[in-house]
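Written out below as structure tokens is the structure these notes cover.
Laboratory data are not the source of any read-out in this text; all were calculated from the coordinates shown. The structure displayed is predicted, hence computed values, not measured ones. Here Cβ is always computed from backbone atoms with ideal geometry, including for glycine, and neighbour counts include all displayed protein chains.
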Amino acid sequence: MLCLPTVLWQGGGWVTPPVVLTIGPSDSGGGGGIQGDLRTLAALKAYGASVVTGVFAQNSRGIADVYALPGTVVALQLGTVLEDMPPAATKTGAFASAEACAAVTARARGGALPNLVVDPVLDSARGARKGVVAALERLLPHALVATPNREEASALLGWQVATPADMAGAAAQLASNGPKFVVITGGDFVAGQDAIDVMWVEGSARTLHAPRIKRRAYGSGGSFAAAIAVRLALGDSPPDAVAYAKSFVTKAIGDAAEWKIGTGAAAMDPFGWSSVALS
């Protein structure tokens, strides 16, 4: 028997799921990029639309090469989606070129991308790529939430974000340049019992804790940002959306603890498959 998501049945009738748009690269390994985002959007009961910014030859061990799609192709994809199915929220990931980022910024500036979550994936996008950092700096002021990790924040700000105190300062500085809410993720810290993120909210820093899972997860940052976008589309406040997303990603990493997919970073289980029989 087909089991439909219960969230789509409310008050005796069907409810149309929110459209959430993800903008990022195709990831041949499936853990990150468009593929990872669409899996998260489906798990959280959103209708996922997508705009591909590039093609990444990638697996759990890393990126072998990047093919950037022309900015005109990115702009055409984006315009085609927006004219027919305007999103309730949008999430951006890696940009393989400054031109692709500029095409998205133009639409964001015009107000076509509400509840914009910007995940500045500078490592996957090869952040040293000419012009990408500067292009992201022009996109960030249009974001409601930005979710850089420590390395990405360092690249955007030009100084090393190394400690939780640095993360608070970096979040404040980035927020002063546009995004109303900034989350600096620090799950890569090797010390301590908790995975620590720092969020800038209404003029003050909040530290978010979750139990540390001692394994690097493939696509966790993108899944985190995508989950925030879904919760914003469903009406959550940004702090509530961030808290939900952190719990969601922590569970998705833990649920796949026994999976053996690839030889590099670990896979994630956003659907809770590990808790049900797959036969």
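With the convex hull drawn over the C-alpha atoms of segment 17-269, the volume per residue is 107 Å³. 3J(HN,Hα) along segment 34-39, derived from phi through the Karplus expression 6.51 cos²θ - 1.76 cosθ + 1.60 where θ = phi - 60°, amounts to 4, 4, x, 5, 4, 5 Hz, with x in place of Gly and Pro. Taking other C-beta atoms within 10 Å as the exposure proxy, D269, D194, D84 rank D84, D194, D269 from fewest upward.
The stretch between R206 and A134 holds 23.2 nm of extra length on full extension. This uses 0.36 nm per residue minus the Cα-Cα distance.
Based on Cα contacts under 8 Å between residues 6+ apart, the chain shows a relative contact order of 16 percent.
Restricting the trypsin sites (Lys or Arg not before Pro) of segment 13-85 to loop positions (DSSP other than H, G, I, E, B) with no more than 13 neighbouring Cβ atoms within 10 Å leaves R61.
Proximity of backbone amide H atoms, modeled 1.01 Å from N, is registered between T53 and G24, S26 at under 5 Å, excluding neighbours fewer than 5 places apart on the same chain.
Here the residues I184, I196, I228, I34, ranked from fewest to most Cβ neighbours within 10 Å of their Cβ, fall in the order I196, I34, I184, I228. Using the Karplus relation 6.51 cos²θ - 1.76 cosθ + 1.60 with θ = phi - 60°, the per-residue 3J(HN,Hα) values for segment 153-159 come to 4, 4, 5, 5, 9, x, 9 Hz, with x marking Gly and Pro.
Once you list every other residue whose beta carbon is under 12 Å from the beta carbon of T105, what net charge do they have if Lys and Arg are +1 and Asp and Glu are -1?
+1
Full extension of the chain segment joining I261 with R109 gains 50.7 nm, where the gain is 0.36 nm per residue of separation less the Cα-Cα distance.
Can you give the relative contact order of segment 33-80 as a percent, counting alpha carbon pairs under 8 Å and 6+ residues apart? Show your work: numbers first, answer last.
On the way: 35 pairs, mean separation 13.1, N = 48.
Taking the mean separation of contacting Cα pairs over the length of segment 33-80, I get 27 percent.
Neighbour counts of other Cβ atoms within 10 Å put L38, L122, L21 in the fewest-to-most order L38, L122, L21. Label-to-label distance for R61 and W159 is 3.9 nm, based on points extended 7 Å past Cα in the beta-carbon direction. Over all other residues within a Cβ to Cβ distance under 13 Å of P239, the charged ones net out to 0, with Lys and Arg as +1 and Asp and Glu as -1. Run the helix sum for the chain: -39,500 (n - 2.57) per DSSP H stretch of 4+ residues, divided by residue count, reported at 222 nm to the nearest 500 deg cm²/dmol. Roughly -10500 deg cm²/dmol at 222 nm, from the helical runs in the chain.
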